[in-house]
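Data block below; observations after.
Just so it is clear, none of the values below were taken in a lab; they were calculated from the coordinates. These figures come from a predicted structure and were not determined experimentally. Ideal geometry is used to build each Cβ from the backbone, glycine not excepted, and the neighbour counts take in all protein chains shown.
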Amino acid sequence: MDARLTAIASLVLVLSTSVTGFWFTPRGPQIYSCLTYTEKNLRVDCEFPATDQIPGPYCEFKQDGKIIGTTYPNTPSYLIPTLEVRRRSNVSLVSPTICRLTWAPMADERSYTYTCRVYQGSSWKENSMAFHQSK
């Protein structure tokens with residue numbers, strides 16, 4: 001009887017490890033958002049796993065598909081945001097594994113989709129989230 005219980009326990013452990021590894025492994029950077037207390041600016045932190053791949057890491061943020069800020073030095077000039085957008089946004093690496101967007105939203109109450117893209121080595125990984133600023 002003990003051998004059967006040990007075999008069942010081993011099988012459960014293997015299955016739970018397999019399921020955990022398959023279902024809960026993040027496919028891209030993890031995104032966390034908040035509003036700053038005083039200014040009511042949107043702050044989005046994009047956390048990604050550390051690697052030793054070169055070049056990188058670099059990151060960029062998009063709002064509804066348009067780049068609003070980047071740390072990537074080879075961004076083509078036609079993709080660089082307008083001066084107004086650059087004044088309202090700040091994208092920076094605040095640690096080796098966190099890219100941060102600070103965005104001064106306009107007065108509209110529209111929701112936007114924010115996408116964080118992280119470049120490490122020779123590939124981009126991305127994740128998106130919708131955010132609606134409430135007053």
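Quick notes
- With neighbours defined as other Cβ atoms within 10 Å of a residue's Cβ, the residues 68, 80, 54 order from fewest to most as 54, 80, 68.
- Cβ-based exposure ranking for 51, 70, in which fewest neighbours within 10 Å come first: 51, 70
- Placed amide H near residue 80: partners under 5 Å, 5+ positions off or other chain: none
- In loop segments of the stretch 28-123 as defined by DSSP, the trypsin sites (Lys or Arg not before Pro) with at most 14 further C-beta atoms inside 10 Å of their C-beta are 40, 110.
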